[in-house]
Amino acid sequence: MLKSMTEGHPAKLIFMFTIPLLIGNLFQQLYSMADTLIVGRTIGVEALAAVGATGSITFLIIGFAQGLTVGFSIVTAQRFGAGDERGVRQSIAVSALLSALIAILLTAVSVIYARPILEWMHTPQEIIDDAHRYIVIIYWGIAASVLFNLLSNIIRALGDSRTPLIFLVIACLLNIVLDLLFILVFSMGVEGAAYATVISQLVSGILCLIHMVKKLQIVRLSKAEWRAERSALLEHVRLGLPMGFQSSIIAIGAIVLQAALNNLGSLSVAAYTASQKIDMVATMPMASFGMTMATYVAQNYGARKFDRIRQGVKQCCMMSVGFSIVVGIIIIAAGHKLVEMFVGPGHPEVIELAQTYLVINSVMYFVLALLFIFRFTLQGLGKSFIPTFAGVMELIMRIFAAIVLAEYLGFSGVCLANPFAWLGACIPLAIAYFATAKRIYYRV
C-alpha cells in the first residue's frame with residue numbers, strides 16, 4: 001500500500017513507518033546472525049571466527065551497494081512527494097540500469113581481490129581458508145543483494161514499509177532452514193552458510209519484483225521511460241555514489257580495525273564477532289528511525305513542506321534517543337547471557353571480552369541515534385557532501401583506534417573505535433543539519 005508522508009501527524013507517521021522497517025531490518029540482520037549462531041554452535045569457534053573475519057570486507061562491497069540504492073530511492077521519494085508519477089517511473093528505470101551495471105563491476109572486482117585483502121588484514125592462518133571460501137560465495141551473490149535492496153528501497157520510497165518486511169521474514173526463515181540443511185545434513189561447513197544467505201536474498205528480491213509488477217500501477221514502465229536522460233542519470237549518480245562511497249569509507253575503517261583485531265588472536269576475533277552481532281541488533285531501531293527520516297524528509301522536501309521536516313526531525317530525535325538509553329541498559333545487564341548464545345558456556349574468556357565491547361559501545365548509543373537522524377535527514381534533503389565527509393571522519397577515528405588505542409589498550413582499544421567514530425561523524429553532521437535547517441525551514 002503506497003502512502004504519502006506529506007499529510008498527518010509527523011511523529012505518528014514516522015513511528016508507524018519505522019515499526020515494519022525495524023522488524024524488517026532485524027530480520028535482515030538475522031541472515032548473518034543465523035549464520036553466526038549456527039556456525040558457532042555446530043562447527044566451532046574457529047569457524048565462527050572465520051565468518052566474523054569477513055564482516056568488514058563484506059560490508060565494504062555489500063554496504064556500497066546498499067548505500068547506492070538508498071541514494072537512488074531518495075530521488076524516487078522526492079518525485080513521489082511532488083506528485084510526479086512520470087518522474088517516479090523514470091527514477092526507477094535509471095536506478096535499475098545503474099544498479100545492474102554496478103553489480104557486475106562489484107562482483108568482478110570483489111571475487112578477484114577477496115584473498116589478497118584477507119591476507120593483507122593478517123587473517124589468522126587457521127581460519128583464512130574458511131574465511132575465503134565463505135566470502136567468495138557471498139561476493140558471487142552480490143547481484144541478489146543489489147536486487148533486493150534496490151526494489152525494497154523503491155517500495156519504501158513510495159511509502160510502503162510493510163511489504164518488504166513480509167518478504168524479509170520469508171527469506172530469513174528460509175535462510176535458517178537452509179543453514180541447518182547445508183551445514184548439518186550436507187556437511188558443507190561455512191560454504192553452506194554462505195549459500196543459504198545468497199539464496200535467501202535472491203528469493204526476497206524476486207518476491208519484491210513480483211509484487212511491484214502485479215500490484216503497483218505506478219511502476220509499470222513504458223519503453224520511453226527506459227531511455228534514461230542525461231540529467232536523470234546525473235541526478236541519481238550525484239546522490240547514489242556518495243552514499244555508496246560513504247558506506248565503503250566506513251567499511252575501510254572497519255577493515256583496518258579488523259586487521260588490528262586479527263593480531264590479537266582468534267579468541268579476540270570470536271569475542272568481537274559475537275558481541276558485534278548483538279550490537280548490530282541493538283542499534284537497528286536507531287538505524288530504522290534514521291532510514292525512515294530519509295523517506296519522510298525526501299517526500300516532504302519534494303512537496304515543499306519544510307515546516308513538517310523540522311517537526312519530524314525534532315520528534316524523531318526524542319523517540320530514537322529515548323530508545324537508545326533503554327536498550328543500552330538492557331545490553332549491559334544481559335550481555336553475558338546473550339554472548340553465551342553464540343559461543344556456549346565453555347568459553348569464559350571470549351564471554352568476558354565480548355562483555356567489554358558491549359559495555360563500551362552501549363553507553364554511547366544516544367550519539368549513534370542522533371548520527372543516524374542527522375545523516376539521513378541531510379540525504380533526504382539531497383545533501384551528499386557532508387554525510388560523505390562524516391564517513392571520512394569515521395574512517396579517521398577507526399584508524400586511530402586500530403593504530404594507537406589497540407597498541408596501548410589491546411582489545412579495549414579496539415572496542416573504543418565505534419564510540420570514537422560516532423562522535424567524529426555526529427559533530428559535523430549536527431553542524432551541517434542546523435546550518436541547512438536555518439536556510440531551508442524559513443523559506444516557507
Is it the case that the range 80-95 has a residue that's at pLDDT 80 or above and within 22 Å of residue 203 (Cβ to Cβ)? yes
Inspect the range 67-83 for any residue being open to solvent by 50 Å² or more (accessible area, probe 1.4 Å), on the phi < 0 side of the Ramachandran plot and in contact (Cβ under 8 Å) with a residue 60 or more places away in the chain and give the result as yes or no. yes
Of the criteria (1) over 27 Å from residue 246 (Cα atoms); (2) in a helix (DSSP H, G or I); (3) open to solvent by 50 Å² or more (accessible area, probe 1.4 Å), which one residue 345 fails: (2)
Of (1) under 28 Å from residue 356 (Cα atoms); (2) at pLDDT 80 or above, residue 296 fails just (1)
Filtered residue count, the range 109-145, keeping only those that are closer than 15 Å to residue 207 by Cβ and of a type in the set (A, V, I, L, M): 1
Matching residues in the range 194-222 (open to solvent by less than 60 Å² (accessible area, probe 1.4 Å) and hydrophobic (A, V, I, L, M, F, W, C)) number 11
Residue 275 meets each of (1) farther than 26 Å from residue 160 by Cβ; (2) under 21 Å from the mean Cα position of the chain (by Cα); (3) free of Cβ contacts under 8 Å to residues at least 12 places away in the same chain with one exception, condition (3)
Under the condition of being surrounded by fewer than 24 Cβ atoms within 10 Å (Cβ to Cβ) and of a type in the set (Val, Ile, Thr), which residue from the range 352-390 is farthest from the chain's Cα centre (by Cα)? 356
Check on residue 106, open to solvent by 20 Å² or more (accessible area, probe 1.4 Å), without any contact (Cβ under 8 Å) to a residue 60 or more places away in the chain and within 20 Å of the chain's Cα centre (by Cα): yes
Restrict the check to the range 275-298 and report whether at least one residue is farther than 30 Å from residue 13 by Cα and open to solvent by less than 20 Å² (accessible area, probe 1.4 Å). yes
Scan the range 417-444 for residues that are surrounded by fewer than 20 Cβ atoms within 10 Å (Cβ to Cβ) and among the aliphatic types (A, V, I, L, M) and jot them down. 423, 427, 430, 431, 435, 437, 440, 444
Would it be correct to say that residue 270 is in a helix (DSSP H, G or I) and under 30 Å from residue 126 (Cα atoms)? yes
Give 235, 191, 225 a once-over and let me know the one that is open to solvent by 20 Å² or more (accessible area, probe 1.4 Å) and more than 22 Å from residue 65 (Cα to Cα). 191
The range 14-46: number of residues that are crowded, with 23+ Cβ neighbours inside 10 Å, modelled with pLDDT of 75 or more and either within 17 Å of the chain's Cα centre (by Cα) or not β-branched (Val, Ile, Thr) (or both): 5
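The values are calculated or read from the model by the stated rules, or taken from the named source; none is laboratory data. What you see is a predicted model; the values in this text were computed from it and never measured. Heads up, the Cβs are rebuilt from the backbone with ideal geometry, glycines too, and the neighbour counts pull from every protein chain shown. Ligands, DNA and RNA are excluded from the accessible area calculation, which covers all protein heavy atoms including side chains. Shrake-Rupley method; radii C 1.70, N 1.55, O 1.52, S 1.80 Å.
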